[in-house]
Amino acid sequence: MGPMNSSTALERALAPGSVILGPMAGVTEAPFRGICKRMGASLTYTEMISAKGLHYNPDARVSRAMLTFDPDETPCAVQLFGSEPDLMAEQATRIVTGYGGDVACIDINMGCPVTKVVSNGEGSALMRTPRLAAAIVSAVAAAVDVPVTAKFRKGWDDASVNAVDFARTLEAAGAAALCVHGRTRQQFYHGVADWDAIARVKAAVGVPVIGSGDVFSAADAKSMLERTGCDVVMIARGAQGNPWIFREARALIERGESLPPPAQEERVAMAREHARALVAFGGEHAVTRMRKHVGWYITGMPGASRVRERVNHITSSVELDALLAEYAEYLEARGA
Ligand SMILES: Cc1cc2nc3c(=O)[nH]c(=O)nc-3n(C[C@H](O)[C@H](O)[C@H](O)COP(=O)(O)O)c2cc1C
């Protein structure tokens, strides 16, 4: 796929008013991304992938799995983290040439707050080295024929809020779209996301701006669009156990329609489908990674705490499916 086609794919995915799934390490594996895409997310992202990790250990099973897509979800954004422009450009090239037209864009992570990451100058540490951040964007953009985007935060801490200048710098370096999470690195995931920071970035740049932070309902998605003027809404934690949020947000944004939430049976059926897809994708041992998802799917439902407790001891997909089938029967008997 050539550059024209690739940028069109990204432009389509980021059409004004779109709702997309945010990258979440340990959560947004291909099967979950496929489900969200079917539910209406117009773009999905891989979990963040270490460029250095790919460079030194290109055949690692984990990286290979992270670069495997669900047939339903392509094109997908591939998110890289790192701090060395040349090395990142080289790895981006390998990804794009290896995976061809399936890659919507290479997204550079400039928002991860984790100490292990920032102590290497990666993730949100790049907000303190804007020249290096720009060098990464321009090196990757020069190397690949798909668009390059970046995801960053409001700033490092309250004393160094620089999202607007940072956004302008990255746009000038060639970023095709920018995503802003309205928290500082220092906040991690605490406090309230500052949507005004998103609005200020939107007002300062010409490329599409994706807003991120605290969208937990269709109404939140609509109000983020209205209050910030951003082009696209990203949903991360709000999609955990709730991929229906994309369908609901689109109905509200596109048609002013409020859809009813999914029925309890539908939630359990989706958890079972998700588990089957995850095991088909990651093998039998991947079933333990389903535990947290099951907990999210059944949040607030009758008997959920008992199921959650049992799910944490489950080690086989047959056992998990039987537990969820039993739970579905329990709900039916209650007349849920
Ligand atoms: C468990 C978890 C993992 C995350 N992993 C990533 C990641 O790999 N890359 C990234 O850019 N952001 C990551 N984020 C940040 C989210 O994409 C998003 O910007 C942030 O959670 C705020 O949005 P929300 O309120 O919709 O969750 C992660 C967030 C969570 C909760």
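Right, ARG308: open to solvent by 50 Å² or more (accessible area, probe 1.4 Å), in a helix (DSSP H, G or I) and among the basic types (Lys, Arg) or not?
Here the answer is yes, as ARG308 does meet what is asked.
Please give the number of the condition PHE32 fails out of (1) away from the ligand (no atom under 13 Å from the Cβ); (2) part of a helix (DSSP H, G or I); (3) within 17 Å of the chain's Cα centre (by Cα); (4) not aliphatic (A, V, I, L, M).
With respect to (1) away from the ligand (no atom under 13 Å from the Cβ); (2) part of a helix (DSSP H, G or I); (3) within 17 Å of the chain's Cα centre (by Cα); (4) not aliphatic (A, V, I, L, M), PHE32 is out only on (1).
Within the bounds of the range 139-148, is there any residue that is within 15 Å of the ligand (Cβ to nearest atom) and either assigned to a helix (DSSP H, G or I) or touching a Ser or Thr at 6+ places or on another chain (Cβ under 8 Å) (or both)?
Checking the range 139-148: not a single residue is within 15 Å of the ligand (Cβ to nearest atom) and either assigned to a helix (DSSP H, G or I) or touching a Ser or Thr at 6+ places or on another chain (Cβ under 8 Å) (or both).
List the number of the failed condition for THR93; all other conditions in (1) open to solvent by 10 Å² or more (accessible area, probe 1.4 Å); (2) outside any helix (DSSP H, G or I) hold.
(2)
Check whether at least one residue in the range 80-99 is over 29 Å from PRO130 (Cβ atoms) and in contact (Cβ under 8 Å) with a residue 24 or more places away in the chain, and report yes or no.
Yes, the range 80-99 contains a residue that is over 29 Å from PRO130 (Cβ atoms) and in contact (Cβ under 8 Å) with a residue 24 or more places away in the chain.
State whether one or more residues within the range 210-219 are of a type in the set (A, V, I, L, M, F, W, C), within 19 Å of LYS151 (Cβ to Cβ), within 12 Å of the ligand (Cβ to nearest atom) and open to solvent by less than 10 Å² (accessible area, probe 1.4 Å).
yes
Quick check on the range 51-63. Is at least one of its residues within 16 Å of the ligand (Cβ to nearest atom), under 14 Å from the mean Cα position of the chain (by Cα) and open to solvent by 10 Å² or more (accessible area, probe 1.4 Å)?
Checked against the condition, which is being within 16 Å of the ligand (Cβ to nearest atom), under 14 Å from the mean Cα position of the chain (by Cα) and open to solvent by 10 Å² or more (accessible area, probe 1.4 Å), the range 51-63 yields no hits at all.
Could you tell me how many of the residues in the range 258-299 are free of Cβ contacts under 8 Å to residues at least 60 places away in the same chain and open to solvent by 80 Å² or more (accessible area, probe 1.4 Å)?
7
Which one of the conditions (1) open to solvent by less than 10 Å² (accessible area, probe 1.4 Å); (2) farther than 25 Å from VAL148 by Cβ does ARG237 fail to meet, given that it meets all the rest?
(1)
The values are calculated or read from the model by the stated rules, or taken from the named source; none is laboratory data. If you're wondering where the values come from, they're calculated on a predicted model, not measured in any experiment. Cβ atoms come from the backbone with ideal geometry, glycine included; neighbour counts cover every protein chain shown. Ligands, DNA and RNA are stripped out before the accessible areas are found, and what is left, the full protein with its side chains, is counted by its heavy atoms. Shrake-Rupley method; radii C 1.70, N 1.55, O 1.52, S 1.80 Å.
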